[in-house]
Every structure is written in C-alpha cells, then in structure tokens.
C-alpha cells in the first residue's frame, strides 16, 4: 500500500499567511505518514518564484509534494505550472495544457505532458480543466502511470460534473486520482480521492471514493494498492484495439 494525501485549502490574500498556513497543513499530512501530498490549484494568488518553492523543498525529505499549481513566469511568458518536489529537489513541472476560459487572457498553454517517477511509482499531473479532456489521461495511462494528481479550483456549480470527470478518468484508465480543491469564496471544496475496487469474476471495476466536505479545510488520506491497479490496468489496456477504421 502507498499512502496519498490531499489538502483542501482556503485562499488567503496575505502572502505570508497563505504560505505559513499551507506549510502547516503539509506538516499535518506528513505526520499522518503520507508519502505523496497534493494541494489545489492557485491557492496562492501571486506569481510563484524560487523563493516560495524553496520553502516546500525544505519539507520534502523522503516524500513527494505537489504543492499545487501556480502562475509562473517562464522565459518571459506566463503559464499555470505545477512543480513536483521529491526528496529535497524539484524533479520537474507540468504546465496546464488547457487554460480555462477566464485564464486564456493572461497565460499560455503548455504543450508537453510529463510522466514523473518517485519510489518506483509513476504519476502524472492533470491540472483542473485538463481533466475534461480524456485524451490526456489516456496518454498518461498508456505510459504506465499509477496515479493522476489533479490540483483544481472548481466553483460550487461545477462540482457535480467535476466529480463525474474524475471518476470517469479513473474507470477508463484503471488508475487512481487525487484531486484537491479550494473551499472558500465560491469554490466548492468536496475534494476527492478516487480508488478502484475490482470484481475478478465479473471483470467489473467500481469507484471507491474518499471525499471531503463542502466548505471546510480538510486533509484526506488514503492507502492505495498500486499493484492491484497495475494488474487491472494491464488487462484493460491489452484489450484496447487500434486496428479499426471509421466508416
């Protein structure tokens, strides 16, 4: 079993308060023996820099932290970036591929999809609106990822379809999804970890969900059997055909 945690956060206007609060929540997740920790999208309202990232690096000894996704200036262009910090170093980052309609005026789209690995566990990051597009999750599944982290910032009225997308991506690809959300100022919380149970006799997978509350900060922790997921994902992907044509 591997222990995953998500942190459902409120937003704070003050820089120092936001950072100190997020670090405090990460420390709580560490004390709960989480091996992977993921925070929501844009809980930190300012542009992220190496100064802020260095704070997370300090806390990442022997664990992997996806501290959320942030606005980042990369070579003079702004993107929404999700850094991956494992065991004291930044091992890479994922850029948001499909900015939401309200983001398109100030950020560019990423054009690469990364696969990360820590402690022999492969994972990908699908940032918020990217979960809407099934091709992204399928490409990650075909590359052998065990888990998708999906830092998100979902409005109250978007929660229902968001939950459908998360469960569909997990079922389609036979993998786990860890999806934290913001929980104040019109954002609906209800963060979710999607695991799968499997009935071998009937060859049916079902979602096994851990869900946060609507409007309160919360840390969700879940132990996930990745070996079981790898086995049922292999069955599903071996059934996938690409030798058919459109009429």
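Scanning region 188-225 for residues being over 25 Å from residue 158 (Cβ atoms) and out of contact with any strand residue (DSSP E or B) (no Cβ under 7 Å at 6 or more places or on another chain) gives a total of 7. Among the residues that make up region 78-98, is at least one of them out of contact with any helix residue (DSSP H, G or I) (no Cβ under 7 Å at 6 or more places or on another chain), at pLDDT below 95 and over 21 Å from residue 148 (Cβ atoms)? No. Against the condition within 23 Å of residue 42 (Cα to Cα), touching a residue at least 60 places away in the same chain (Cβ under 8 Å) and either surrounded by 14 or more Cβ atoms within 10 Å (Cβ to Cβ) or within 11 Å of the chain's Cα centre (by Cα) (or both), how does residue 147 come out, does it pass? Yes.
Checking 177, 209 one by one, the residue that is surrounded by 19 or more Cβ atoms within 10 Å (Cβ to Cβ) and in a strand (DSSP E or B) is 177 and no other.
Restricting the first residue to region 230-242 and requiring it to be closer than 15 Å to residue 205 by Cα, which pairs with a second residue that is modelled with pLDDT of 85 or more and in a helix (DSSP H, G or I) meet a Cβ separation below 8 Å and a spacing of at least six or different chains? What qualifies is 233/141; 233/173; 236/173; 237/141; 237/142. For residue 198, the stated conditions hold: it is more than 26 Å from residue 26 (Cα to Cα), part of a strand (DSSP E or B) and touching a helix residue (DSSP H, G or I) at 6+ places or on another chain (Cβ under 7 Å). Among the criteria (1) modelled with pLDDT of 95 or more; (2) in contact with a helix residue (DSSP H, G or I) (Cβ under 7 Å, 6 or more places away or on another chain), the one residue 186 does not fulfil is (1). State whether the residues of region 127-140 include one that is without any contact (Cβ under 8 Å) to a residue 12 or more places away in the chain, over 13 Å from the mean Cα position of the chain (by Cα) and within 21 Å of residue 240 (Cβ to Cβ). Within region 127-140, one or more residues are without any contact (Cβ under 8 Å) to a residue 12 or more places away in the chain, over 13 Å from the mean Cα position of the chain (by Cα) and within 21 Å of residue 240 (Cβ to Cβ).
The values are calculated or read from the model by the stated rules, or taken from the named source; none is laboratory data. Computed from a predicted structure; not experimentally measured. Here the Cβ is made from the backbone with ideal geometry for all residues, glycine too, and neighbour counts use every protein chain on show.
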